[in-house]
């Protein structure tokens, strides 16, 4: 049964500026176009257990929790300076089924229930060990989705997941947003390309 | 209360090949990256009334119905030759809250309840009259999202929705998918760029 | 016969930072990827007469003059504040066959010899009258190439040149440049998409 | 002194369909937007010695020879089945300063004069040894430009040239061309993204 949690009254698809961001990292939030494709690739069900590793502002967690509204979402973040903003964003946009997990992956993941969907938002130093650990815990039919800016790590993630026998796909998403000029005419401003590696097991 | 409809057991985010397509139109389906961004822009709530105009294969309707699982989705399609495939796809992936509406928009929309979210998948001849009609019926806080391939119609849609006093945004999404070569190395294959115009009223 | 002009000792293909730019307009220079495609579309011959309308920093003029080294290049610029920088760039990178024409197009073009290649770098207010005038003066087999950021003007230019019976093509160029991070890994930074309209007469 | 070679009467910037292509490889030609950026990155002078390795249809050779019209261009191709088409294209569009070199690089390069500009069009199996050999022979101030479709080889080329102490740049070029529909409206068709690695020595 769906509880009418605070965050569930809102609609799916928050704009980027809904989320408070740390000053120096501003602009590091997963852009909405990439967030949309990533969420769409996570294979979310209503009862999914979701790990959001490198949760950052929490933008993926709050949206995943809207779809997995009978499931559980774990927002994992190692940067203690980011936690207050993560908490603020979750309390504003989130629901009771989101849990903050402070600490470094993969170590901190050991206490969590097995995931159906794993999102890796950052491409930090532990990528290989995070992916290997997530793969070892992933439920049958589950999905792993990674956002990457860096060419080298994109390949590393892709190859590793292939080697672990996942059906693995790579997509590069490049968006450009219309910007109105003084006279109302519209030109396009590019966002940086992002690689999305998504892997599914058991089909 | 959420009924356990058949389609609700599945996860959000179907691949393109989940949907049967008409032979000569093959490839005309909204590609999953664009579908993801479009769905994310529709402002869907659990109880949303959704119009999917130019429903085609039904790929947007079945995903919208998964999120708006206490709402109603109307899959509007004028091409009678497409209806059997639409029906087949809905019965495979859809839920009981999706209704096929056969006929030409905007005329055929008059009998439907006021929408919270309107998706226009095609950029057929009636674009202006469809948008004007949809705007006249849209509930407060509602959203209109249009996919466009054609430059001229992109501007037409953008300008019209601005004139109708919507907060209107334009995004061009270009995706490239990794393709494995014989030796396992990966190159990128582009999908055609798509313009997504999204408009929100009442803020 | 080719005179060994100062600029001809250098190689074709200057980097963006070769050109001094006005402070507030910095970043407005035609980026090298777009400059390359534009130059390649101009149909330059060794003896071409070239009009570079909205010459700005002169980056197109100096490269065109390297190929049209037995021809003449006219760098037309209406912004008197830009002229000193244009002069500085031309004297650094240019050759004796480049001539600055200060004033507003199309009026100021009347005294110039008929062109074989016309480049329009800006999309200022006079676009239609510039294109119509350039078309009326263009030699048989000549080419017109326009760089545009704005959707509306892209279509305007495309349609106008089609109506004037040119073989007209439209290309959108989106580049992303590798940026090294602290650890030597490379991510991609997008440049804004640019539309290049190119038109050829007489084939 | 410039000799009036046959190919020099024509203009710089041939369309893709100027070049005969092998049937099964059709579409493998370097697309004109990428050819333009690559040529622009080669640092061509009038007297340059150019190696075009994996010359294919010869599209880069004939354009390079137009700029390096007092230099020498060596079109290197190992695929004997491609040689007749290469010859046909060179005799149609080329000039007397282009020389076909049949055989496999790097071995076949040993008899050629030291290059100022090296273009590597393919990303065949010998990439590392070709780049190392080209680097060992490159004149001061010279440039190496590589077109790559494959992520892995893009990085391999970039890293290798960095290690060899070149100023190395990476650009990803994505183009989309306007396609007119029956009603004259224009939509965009993407070409596949291409990575261009360009390296300059002696800065």
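The values are calculated or read from the model by the stated rules, or taken from the named source; none is laboratory data. Keep in mind it's a predicted model, so treat the numbers as computed, not measured. Don't worry about glycine lacking a Cβ; one is built from the backbone with ideal geometry, like all the others, and counts go over all protein chains shown.
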Does region A:35-52 include one or more residues that are modelled with pLDDT of 95 or more, part of a loop (DSSP other than H, G, I, E, B) and loosely packed, with under 15 Cβ neighbours inside 10 Å?
yes
When region D:189-203 is checked residue by residue, the ones that are in contact with a strand residue (DSSP E or B) (Cβ under 8 Å, 6 or more places away or on another chain) and farther than 24 Å from residue B:186 by Cβ are D:200, D:201, D:203
What about residue D:129, is it modelled with pLDDT of 95 or more and out of contact with any strand residue (DSSP E or B) (no Cβ under 8 Å at 6 or more places or on another chain)?
yes
Filter result for residue A:32 (within 8 Å of chain B (Cβ to nearest Cβ), farther than 19 Å from residue A:143 by Cα and crowded, with 20+ Cβ neighbours inside 10 Å):
yes
Name the residues in region D:53-65 that are within 9 Å of the chain's Cα centre (by Cα), under 15 Å from residue D:116 (Cβ atoms) and assigned to a helix (DSSP H, G or I), would you?
D:60, D:61, D:64
Is it the case that some residue within region A:96-117 is crowded, with 18+ Cβ neighbours inside 10 Å, under 28 Å from residue B:192 (Cα atoms) and without any contact (Cβ under 8 Å) to a residue 40 or more places away in the chain?
no
Residue set C:135, C:149, C:157; condition at pLDDT below 95 and either more than 9 Å from chain D (Cβ to nearest Cβ) or out of contact with any strand residue (DSSP E or B) (no Cβ under 7 Å at 6 or more places or on another chain) (or both); output residue C:149
Can you say whether residue C:195 is under 21 Å from residue C:121 (Cβ atoms) and under 17 Å from the mean Cα position of the chain (by Cα), as far as the supplied structure shows?
yes
Just checking, which of C:78, C:70 is farther than 17 Å from residue C:19 by Cβ and more than 13 Å from every other protein chain (Cβ to nearest Cβ)?
C:78
Which one of these is free of Cβ contacts under 8 Å to residues at least 60 places away in the same chain and in contact with a strand residue (DSSP E or B) (Cβ under 6 Å, 6 or more places away or on another chain): A:60, A:76, A:49?
A:76
Here are some conditions: (1) under 25 Å from residue B:61 (Cβ atoms); (2) modelled with pLDDT under 95; (3) not in a loop (DSSP other than H, G, I, E, B). Residue B:202 meets all but one. Which one does it not meet?
(3)
Condition first: in contact (Cβ under 8 Å) with a residue 60 or more places away in the chain and surrounded by fewer than 21 Cβ atoms within 10 Å (Cβ to Cβ). Now tell me which residues in region A:146-168 satisfy that.
none
Which is under 24 Å from residue D:117 (Cβ atoms) and modelled with pLDDT of 95 or more, of C:102, C:68, C:75?
C:68
Please specify each residue of region B:35-52 satisfying the condition of being within 20 Å of residue B:10 (Cβ to Cβ), more than 8 Å from chain A (Cβ to nearest Cβ) and more than 10 Å from the chain's Cα centre (by Cα).
none
Please go through region B:179-198 and pick out each residue that is more than 7 Å from every other protein chain (Cβ to nearest Cβ) and either in contact (Cβ under 8 Å) with a residue 60 or more places away in the chain or in a strand (DSSP E or B) (or both).
B:179, B:180, B:194, B:195, B:196, B:197, B:198
